[in-house]
Structures are given as structure tokens and as C-alpha cells.
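Data first, discussion second: the structure below is written as C-alpha cells.
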Amino acid sequence: MAVEVGETVVERFLRYVKCDTQSAENSKTYPSTEKQKEFGRRLVEELREMGLEGASIDDYGYVMATLPANIRRAVPVIGFIAHMDTSPALSGKDVKPVIHENYGGEDIVLPGDNTQILRRSENPELSKKIGAGIITGDGTTLLGADDKAGVAEIIDAMHYLVNHPKIQHGTIKIAFTPDEEVGTGVEHFDVQKFGAQYAYTMDGETMGDVENETFSADSVRVTFRGISFHPGYAKGRLVNSIKVASAFVNKLPSDGMSPETTEELEGYVHPYLIEGGVESTCVQFIIRDYDDNELKKKEETLRGLAEEAVRNYPNSNFTFEVEETYRNMKRVLDKHPQVVEKAMDAVRMAGLQPRLGRIRGGTDGARLCSMELPTPNLASGQHNFHSKLEWISIQDMKKATEVIVNLVKVWATNPELIGK
Ligand SMILES: [Zn+2]
């Protein structure tokens with residue numbers, strides 16, 4: 001029985017979004033929630049039934065499987081990756097996907113909560129979807145297209161290839177990861193075991209986007225220390241670290257260098273958590289910039305402000321800890337230009353206009369690039385992620401599946417471009 005490319009992607013997607021796979025911040029376990037593994041086990045069964053080799057889930061919740069090569073000549077092993085979890089920001093339980101067939105351009109009022117309205121004026125991409133099928137949640141939860149769309153598209157592309165053995169391809173590896181939304185999606189990812197030379201995450205937004213650049217990111221903890229005394233007898237002795245920390249936060253620039261005052265190529269420093277008491281107060285930051293040197297400059301600026309703050313509070317002091325989170329993946333991808341070029345070719349083959357894109361954030365691919373697995377990010381078609389107004393079009397999901405199949409073809413037909 002011949003199947004069309006993307007023919008069963010919607011059916012898969014609708015099944016997957018009904019599984020609650022929400023990850024959790026500050027969990028002591030990996031993955032952060034057990035339900036992600038339950039979903040992973042279901043995927044493994046599905047992949048086995050489909051005939052993929054080595055379909056398995058490990059203790060960390062990583063699902064991996066292989067579509068063996070059907071040609072003899074050596075071509076690079078290519079991987080496709082999507083994340084299974086959904087954002088802790090909104091419930092992913094009892095998701096009730098709604099299909100709006102033949103979209104006519106109107107605002108879409110979601111049936112479970114009529115204050116949730118998907119407005120065309122606020123969603124320019126919707127104007128390009130007249131006549132398409134739009135899938136939303138019912139307005140009470142997120143939809144989970146981020147990134148169940150990527151999961152469904154990768155599996156559906158493998159299903160298509162299994163059913164079209166005449167399409168020549170090298171070895172294809174697929175992986176589904178937990179905990180992307182809490183920033184630890186590839187913490188235990190075994191690049192060696194995965195065995196791909198190059199990979200693609202399917203977690204981008206607008207069709208045609210080929211994202212090859214992320215922020216470089218660090219986290220910074222500034223801990224101020226004071227001296228505690230009985231308040232009744234504290235004159236000249238007590239040093240309140242809460243006040244030192246407040247003075248420090250007040251010194252942050254008000255007209256720039258923050259998420260709320262920057263866009264495009266500008267980076268920022270962002271205090272997101274402050275906790276403590278008289279003796280000790282810790283301010284936690286995320287630091288972002290596209291340029292590693294600028295990132296370091298921002299950290300030095302912060303350190304300077306902390307020094308200024310303690311100068312006004314004798315007997316206070318501070319510690320300044322920097323931890324690397326991820327680096328702009330462009331540096332690694334530029335060493336392997338064929339990875340992005342082939343993605344652009346695959347997008348063109350699907351009749352779409354490829355666009356190189358820059359993410360004001362990170363991806364699991366950025367971390368994988370640091371682990372010597374060059375991994376740009378491709379569109380899965382998801383929009384308004386982490387929102388009750390999340391949506392995706394059926395046509396885009398089919399196109400994304402086609403892009404994956406095209407990529408597999410493109411890598412198999414250009415053996416002269418074999419990497420290392
Ligand atoms: Zn995502």
C-alpha cells in the first residue's frame with residue numbers, strides 16, 4: 001500500500017498531544033517527570049512495529065532508533081531529533097485538540113474558553129493559511145505542537161521511507177529527548193551511541209526557516225553576604241544583605257541590556273530570581289549575547305556593579321559565579337557548511353523558500369554542536385508555543401515531513417560531500 005508523504009502525520013500528532021509529557025523545573029530526577037518516559041515507551045513500541053532497528057528508551061528517557069541504509073555507498077549518517085516534553089508554564093494535561101477545517105481567515109474563538117481568541121491581526125502567519133486546516137487546543141491548555149509536531153513529523157517521515165524502499169538513503173538515526181523545556185534536554189544525551197555525523201532538530205516555527213544561529217548563554221549567581229544581629233542591638237553592627245542586593249539590582253541599566261529593552265542582535269542580562277535574608281542574598285541571572293566576547297563584557301559589567309554596591313555597605317561582600325550554559329551554534333555549523341546547505345536544498349525541493357534564521361534563545365542543537373554533533377534547527381510548523389493560543393496547520397506538518405524525506409534523499413545523492 002503506497003502512502004503519500006505526510007499522510008499519517010496528523011493522526012500521529014493528535015494521538016501524541018493527548019499524552020501529558022509536561023516537564024518540571026527543579027526536579028531531582030532525570031527526566032524531570034516520569035510521564036515523559038511513559039510517552040517514550042509508547043513511541044518505542046510504535047517504532048518497533050514500524051520496523052525500525054534498535055528502538056529503545058534508556059534510563060534517562062532518551063528514545064533512539066535506526067533506519068538502516070539501503071545503499072552500499074558510504075554516505076554520512078544523519079540524525080533527526082525532537083523533544084517529547086511540553087512547557088512547565090502551562091498544563092499539558094487533557095489536551096483536546098480542535099481541527100478548524102478550511103480556515104476562512106476569521107478570528108478563531110477557542111471552544112473551551114471563549115476569552116482565548118486566535119486573532120488574525122496578532123498572527124500574521126494565519127493570513128497565509130486561508131483554506132488550510134488549523135489545529136489548536138480548546139483554550140484551557142497548551143496544544144503541545146512544541147514539540148509533538150516534530151516528533152510526529154520525524155516518525156511519519158520514517159514510516160514513509162519504510163514504505164518506499166526504492167528511495168535510496170544512508171543510515172538514519174532518530175532521537176526523542178526529554179526535558180528540553182527545562183533546559184536540560186541533552187544533559188545525558190550520548191552522542192557516540194546516537195551515532196549520527198550530522199543532525200537536525202525539528203523544533204522551529206515558520207516553514208522554510210533554517211536556524212543556524214543561537215545566543216551564547218551563561219548563568220550568573222551573585223551572592224551578597226551581610227552580618228546578622230539582634231535588631232534591637234544592631235546599631236553599627238548589622239549589615240543587611242537584602243539591602244546590598246537591592247542596591248545592586250537598582251544599578252542595572254534601565255534603558256538597555258534587558259530582555260524588555262532589546263531585540264534583534266542585542267544581548268541582555270536578566271535577573272530572574274532573588275532569594276535570601278539578612279545574612280545572605282543571592283541574585284540569579286541569565287546572560288545572553290550572539291558574540292562570546294560581548295557576553296563576557298556583560299558579565300564584567302555586572303561584576304563592576306556588584307563591587308560598587310558593596311562599597312556603600314562596609315563589611316559586606318559578594319561572590320560571583322559564572323556557569324556556561326551553551327554557545328552560539330554558528331561557530332560549529334560554519335565549519336560544516338553542507339549541513340545547512342542541504343537543509344536549504346531540502347526546503348526548496350518541498351516548494352518552500354528557505355530562510356536562514358537566528359534564534360533569540362538556545363536549542364538542544366546548540367548544546368549538541370558543542371558536543372561535536374552539528375545540529376541546526378528546522379521548522380516543525382508550531383506557532384505561539386507555551387500558550388493557550390498555540391496552533392499549527394495540517395499543511396505545514398505535511399510539508400515538514402516532506403522536508404525530512406527530502407533531506408534524507410539529498411544526503412544520499414551527493415556522496416562527494418561526505419564529511420570527515
Ligand atoms: Zn520546542
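The values are calculated or read from the model by the stated rules, or taken from the named source; none is laboratory data. Here the structure is a predicted model, which means the values were calculated and not measured. Virtual Cβ from ideal backbone geometry, glycine too; neighbours counted across all protein chains shown. These area figures cover heavy atoms from the full protein model, side chains too; ligands, DNA and RNA do not enter into them. Shrake-Rupley method; radii C 1.70, N 1.55, O 1.52, S 1.80 Å.
Details
- Note on segment 173-186: residues that are within 16 Å of the ligand (Cβ to nearest atom) and open to solvent by 10 Å² or more (accessible area, probe 1.4 Å) total 5.
- Condition met for Val210 (crowded, with 19+ Cβ neighbours inside 10 Å and touching a Lys or Arg at 6+ places or on another chain (Cβ under 8 Å)): yes
- Single unsatisfied condition, Phe318 versus (1) under 18 Å from the mean Cα position of the chain (by Cα); (2) open to solvent by 10 Å² or more (accessible area, probe 1.4 Å); (3) of a type in the set (A, V, I, L, M, F, W, C): (1)
- Scope segment 22-50; condition more than 18 Å from Thr86 (Cα to Cα) and surrounded by 14 or more Cβ atoms within 10 Å (Cβ to Cβ); matching residues: Val44, Glu46, Leu47, Arg48, Met50
- Of all the listed residues (Gly112, Gly92), the sole one being in contact (Cβ under 8 Å) with a residue 24 or more places away in the chain and either within 28 Å of Glu402 (Cα to Cα) or touching a His at 6+ places or on another chain (Cβ under 6 Å) (or both) is Gly92.
- Lone unmet requirement of (1) more than 16 Å from the ligand (Cβ to nearest atom); (2) closer than 15 Å to Ile404 by Cβ for Ser380: (1)
- Just one of the listed residues (Ile99, Ile154, Ile81) is within 16 Å of the ligand (Cβ to nearest atom) and part of a strand (DSSP E or B), namely Ile81.
- Some residue of segment 347-358 being surrounded by fewer than 24 Cβ atoms within 10 Å (Cβ to Cβ), within 18 Å of the chain's Cα centre (by Cα) and within 16 Å of the ligand (Cβ to nearest atom): yes
- Residues satisfying the stated conditions in segment 332-350, i.e. in contact with a helix residue (DSSP H, G or I) (Cβ under 8 Å, 6 or more places away or on another chain) and more than 17 Å from Gln197 (Cα to Cα): Asp345, Ala346, Val347, Met349, Ala350
- Among the residues of this structure, Ala217 counts as one that is away from the ligand (no atom under 13 Å from the Cβ), more than 21 Å from Thr8 (Cβ to Cβ) and open to solvent by less than 10 Å² (accessible area, probe 1.4 Å).
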